[in-house]
Amino acid sequence: MKNEQEEHLMFNQKPETNETGYKTLITDIQNKLNGMDSETQSHYLKETFESYFVYEVQTRDSGNKLYKRNYEVVDGKIEFADEIAEVQMKVDYVAMEEHLPYPIGPEKSEDEKLKHREYEQDPKEQISTSKPPMFDPNEKEVQK
């Protein structure tokens, strides 16, 4: 059980300062970028991270370019760093083949996929690609 002094400290503490949320950061960064717009170019926020953001500059004459710029929040206001780096977007979707029972792709037939699974299994439990034995209820032995 807490003593009176601990309870007093717990209930009489000053509230912590709220940090700026990402939604507010995104809005504030875009608003500041809007202030950089002119008749020939527009600025659009693409991604926001903890210490930097990526934005696109669309110009009439030279097309679109992406830039990365650091920022920090000072007294609740966004401050952009002076340094700007031109960047390019790179998206890479890589198959996680180690989790698949067979390689991806239409080039593999069902028989090849089945054979691949056979090699991964325990030899005692290999899948047979031959037809199952026929069962005739009138015969005592199974036909192969």
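Data overview
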{"item": "Taking Asp28, Asp92 and counting other C-beta atoms within 10 Å, the order from fewest to most", "result": "Asp92, Asp28"}
{"item": "Cα centre as origin, Lys/Arg/Asp/Glu Cβ charges: segment 14-87 dipole, Debye", "result": "200 debye"}
{"item": "Prolate/oblate/rounded label for segment 14-87 (Cα gyration tensor, a/c 1.5)", "result": "prolate"}
{"item": "Residue order, fewest to most beta carbons within 10 Å, for Val94, Val87", "result": "Val94, Val87"}
{"item": "Packing-based exposure ordering (other Cβ within 10 Å, fewest first) of Tyr22, Tyr93, Tyr67", "result": "Tyr93, Tyr22, Tyr67"}
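A short reminder: the numbers here are calculations on the coordinates, not readings from a lab. These numbers come from a predicted model, not from an experiment. Cβ coordinates were reconstructed from backbone atoms using ideal geometry, including for glycine residues, and neighbour counts include every protein chain displayed.
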